[in-house]
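To start, the structure itself, in structure tokens.
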Amino acid sequence: MRIRCTWCGAELPSAAGMGRPRRYCAQACRQRAYEQRTVSARAGLPPEAVVVSRPELDHLLDRLFALRCALSDARVVLGEQASAAELRGVLEQVGSAAGELDRLWVTPRE
Ligand SMILES: [Zn+2]
């Protein structure tokens, strides 16, 4: 499993040796996460709370819906004794719908 920076999502090198695993890729990310926790606490929100605007959330939900549709189409094709070319096509659609969801930030971070 890939380990990612808790703040920016950058992939972290696999933990070498003993000790507590890294959570951040850089001191700047550690600092931003600290600031976010401080602001959340001041606002009475849980430390892991994320504030998302409605348009940003809608965008994310649209992408997840497209992915769900692509997976549904893939199930249909798989049930039809599809050729390798058809399977390759449907797999490409799923990949395209998934896009970079795992790298998506609802609000881009510098
Ligand atoms: Zn980072």
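The values are calculated or read from the model by the stated rules, or taken from the named source; none is laboratory data. These figures come from a predicted structure and were not determined experimentally. In this analysis, Cβ positions are derived from the backbone assuming ideal geometry, glycine residues included, and neighbour counts consider all displayed protein chains.
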Query raised in the report: How many residues does the range 1-37 hold that are surrounded by 12 or more Cβ atoms within 10 Å (Cβ to Cβ), without any contact (Cβ under 8 Å) to a residue 24 or more places away in the chain and small (Gly, Ala, Ser)?
Result: 3
Requested in this report: Taking the residues in the range 17-75 that are of a type in the set (Lys, Arg) and in a loop (DSSP other than H, G, I, E, B) as candidates, determine which candidate is farthest from Gln93 (Cα to Cα).
Outcome: Arg20
Query - Odd one out for Ser40, checked against (1) at pLDDT 85 or above; (2) loosely packed, with under 14 Cβ neighbours inside 10 Å; (3) within 30 Å of Gln27 (Cα to Cα) - result: (2)
**Report entry** Residue satisfying condition, being away from the ligand (no atom under 16 Å from the Cβ), surrounded by 12 or more Cβ atoms within 10 Å (Cβ to Cβ), under 19 Å from the mean Cα position of the chain (by Cα) and free of Cβ contacts under 8 Å to residues at least 24 places away in the same chain, within set Val77, Val51
**Finding:** Val51
Query raised in the report: Looking only at residues in the range 3-48 that are within 23 Å of Leu101 (Cα to Cα) and β-branched (Val, Ile, Thr), which one is farthest from the ligand (Cβ to nearest atom)?
Result: Ile3
